[in-house]
Amino acid sequence: MTLPMSRMQCAQRDQQDALAEFRSEFSLPEGLIYLDGNSLGALPKATPDRLQTVIQQQWGSQLIRSWNDAGWVDMPQRVGEIIGQIIGAEPASTLAADSTSINLYKVLAAALALRPERAVVLTEADNFPTDLYIAQGLTQQAPTQREVRAVTAEQIYGQLHDDVAVLMLSHVNYRNGYRHDLAALTKAAHAVGALVIWDLAHSAGVMPINLAAAQADFAVGCGYKYLNGGPGALAFLYVAPRHQSLCRPVLSGWFGHAQPFAFGAEYEPAAGIARFLVGTPPVLSMAALEVGAELVQRADLTAVRAKSEALTECFTALVQAQLGPHDLPLISPKLASERGSQVCFSHPQAWPIMQALIARGVIGDVRAPDILRFGFAPLYLRFTDVFDAAAHLCSVIQSREWDQPIFHAPARVT
Ligand SMILES: *Cc1c(COP(=O)(O)O)cnc(C)c1O
């Protein structure tokens with residue numbers, strides 16, 4: 001299909017869009033163009049009612065009985081299975097639990113314990129900071145000498161030696177949108193005897209992923225990005241079935257015990273993936289994540305990926321038709337196939353430009369110091385949104401509308 005380059009062509013493309021009906025399942029403010037679904041997914045319309053039911057009926061009326069009667073106690077597994085289908089996991093290998101940072105701690109500790117004789121955690125210097133920080137903290141605590149080796153994306157293959165215990169990567173880079181070849185890197189790591197942890201924060205729910213086929217070892221990811229689970233939603237973790245019984249959880253909490261309600265004094269891990277649970281699941285947050293994940297589960301992720309590529313390509317082409325490579329350099333890969341569902345440009349005035357754009361009703365975000373980041377959630381974005389957003393961005397830059405004191409004011413969260 002050719003790229004729509006006029007507003008009329010974008011409108012036609014929206015009419016042919018097989019995913020178009022998903023937009024009506026989200027609650028989006030009128031007139032707003034939301035290009036930040038990669039950071040906080042939009043609110044599904046079904047979420048408030050679902051939470052009302054959980055709050056009023058299950059909690060308010062049924063009280064503690066709901067742990068059994070409403071299935072609260074099984075939610076980490078139940079929601080985990082839905083997410084597992086989205087990421088191509090084997091049954092009973094995914095849990096919804098804790099935060100991405102904490103899940104990373106859990107699976108990295110497990111992976112390192114499976115490779116006691118190896119010292120290196122190989123990762124990308126440009127990985128999301130929490131991933132680096134968690135690895136730094138964990139390796140500093142290790143009883144044996146461990147080291148985080150952070151290299152560039154290009155250096156990864158060359159750095160895979162037999163001292164690497166774990167290759168820990170984000171599937172899609174949060175800053176520039178570069179997408180790794182998950183299957184190829186998993187295979188290369190296995191060839192030197194290393195295990196692989198994938199952080200799927202920026203890919204789960206927006207493209208087909210097949211962890212089982214790639215024989216990935218571990219994975220983690222966020223519930224609040226493309227899974228639309230709400231601010232601070234629970235995250236997920238994946239452990240390949242072949243490793244589960246070999247892992248002795250480092251956060252050995254009672255929910256991961258073989259018999260939590262026997263209240264025994266000694267820890268004994270539950271069978272299978274359940275041993276990666278720690279404590280009581282936050283039911284309200286879990287209910288919101290279940291709605292968001294169910295919505296994504298109904299979508300054909302191959303179609304979602306095709307639309308995502310077309311949206312990012314269309315946005316890039318429209319911006320580049322108006323602004324030259326010196327005015328606004330593209331820092332994402334040129335090829336849509338090498339990107340996640342985001343497009344990033346660099347500009348020394350990224351912050352005020354984004355604030356001016358937000359004032360016009362186009363929401364993206366900034367990654368310090370100079371990255372303008374635009375995320376494209378194919379379930380609720382239209383090609384006409386992309387057309388309008390590109391026009392606003394170019395107009396804000398060409399008119400220097402951003403150069404007003406109010407757009408320079410800093411904020412705590414970017
Ligand atoms: C968003 C993101 C996180 C966030 O971790 P939290 O524990 O949810 O704060 C972690 N890793 C990557 C790659 C991310 O993009």
Student exercise, the chain dipole from Lys, Arg, Asp, Glu Cβ charges, in Debye to nearest 20: 80 debye
Within the chain, count lysine pairs with alpha carbon atoms under 30 angstrom apart where the residues are 8 or more positions apart or belong to different chains. 10
Taking only the alpha carbons of segment 62-119, what extent do you get along each of the three principal axes, in Å, biggest first? 51, 25, 17
About the Cα centre of segment 177-251, what is the dipole size in debye to 20, counting +1 per Lys and Arg Cβ and -1 per Asp and Glu Cβ, all else neutral? 80 debye
Once the Cα atoms of the chain are picked out, what are the Rg and Dmax in Å? 22.0, 69
By what distance, in whole Å, do the Cα atoms of segment 171-309 stretch along each of the three principal axes, largest value first? 53, 42, 26
Between helix 129-141 and the chain: long-axis angle, C-alpha atoms, 0 to 90°, nearest 10: 30 degrees
Rank-order 406-412, 220-226, 160-166 by packing density, defined as the average count of other C-beta atoms within 10 Å over each peptide's residues, highest first. 220-226, 160-166, 406-412
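With N residues in segment 251-334, what two-decimal value do you get for its Cα radius of gyration over 2.2 N^0.38 Å?
On the way: Rg = 23.3 Å, N = 84, 2.2 N^0.38 = 11.8 Å.
Relative to the rule-of-thumb radius for its length, segment 251-334 sits at 1.97.
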Within segment 234-315, trypsin sites (Lys or Arg not before Pro) in DSSP loop having at most 13 other beta-carbon neighbours inside 10 Å: ARG298
If you count, for each residue, the other Cβ atoms within 10 Å and average over each peptide, how do 376-389, 39-52 line up from highest to lowest? 376-389, 39-52
Once phi is turned into θ = phi - 60°, what whole-Hz ³J(HN,Hα) does the Karplus curve with 6.51, -1.76 and 1.60 give for every residue of segment 10-21, x standing for Gly and Pro? 5, 5, 5, 4, 4, 5, 8, 6, 5, 9, 3, 5
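Normalised by the empirical 2.2 N^0.38 Å for globular proteins, what value does the Cα Rg of segment 263-391 take?
Compactness ratio reported: 1.46.
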Residues with amide H under 5 Å from that of GLY221, placed H, sequence gap 5 or more: LEU200, PHE236
Can you quote the Å³ per residue value for the convex hull of the Cα atoms in segment 106-262, rounded to an integer? 126 Å³
Interchain or long-range residues, amide H under 5 Å from ARG149's placed H: VAL121, LEU122, THR123
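Restricting to DSSP H runs of at least four residues, report the calculated mean residue ellipticity at 222 nm for the chain, -39500 (n - 2.57) per run over all residues, nearest 500 deg cm²/dmol.
Numbers: 14 runs with 145 residues, N = 414.
Rounded to the nearest 500, the figure is -10500 deg cm²/dmol.
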Report the full-extension gain for the segment ALA317 to GLU117: residue separation times 0.36 nm, less the Cα-Cα distance, to one decimal in nm. 67.0 nm
Convex hull volume per residue for segment 158-214, taking Cα atoms only, in Å³: 84 Å³
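At 10 °C and 1.306 mPa s, grab the translational diffusion coefficient of segment 1-140 from Stokes-Einstein with a Kirkwood Rh over Cα pairs, rounded to a whole number in µm² per second.
On the way: Rh = 19.9 Å.
Diffusion coefficient, whole number: 80 µm²/s.
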Sparse-neighbourhood loop hits (chymotrypsin sites (Phe, Trp or Tyr not before Pro), segment 236-274; DSSP loop; Cβ within 10 Å at most 12 others) -> PHE263
Please go through segment 1-58 and write out the GluC sites (Glu not before Pro) that DSSP classes as loop and that have at most 15 other C-beta atoms within 10 Å. GLU30
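For segment 322-414, divide the Cα radius of gyration by the Kirkwood radius and give the resulting Rg/Rh value with two decimals. Could you put the intermediate results ahead of the total?
Details: Rg = 12.9 Å, Rh = 13.7 Å.
Radius of gyration over Kirkwood radius for segment 322-414 works out to 0.94.
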Grab the alpha carbons of segment 7-52, take their convex hull, and tell me the volume per residue in Å³. 101 Å³
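A short reminder: the numbers here are calculations on the coordinates, not readings from a lab. Model, not experiment: these values are computed from the prediction. Backbone-built Cβ (ideal geometry, glycine too); neighbour counts: all protein chains shown.
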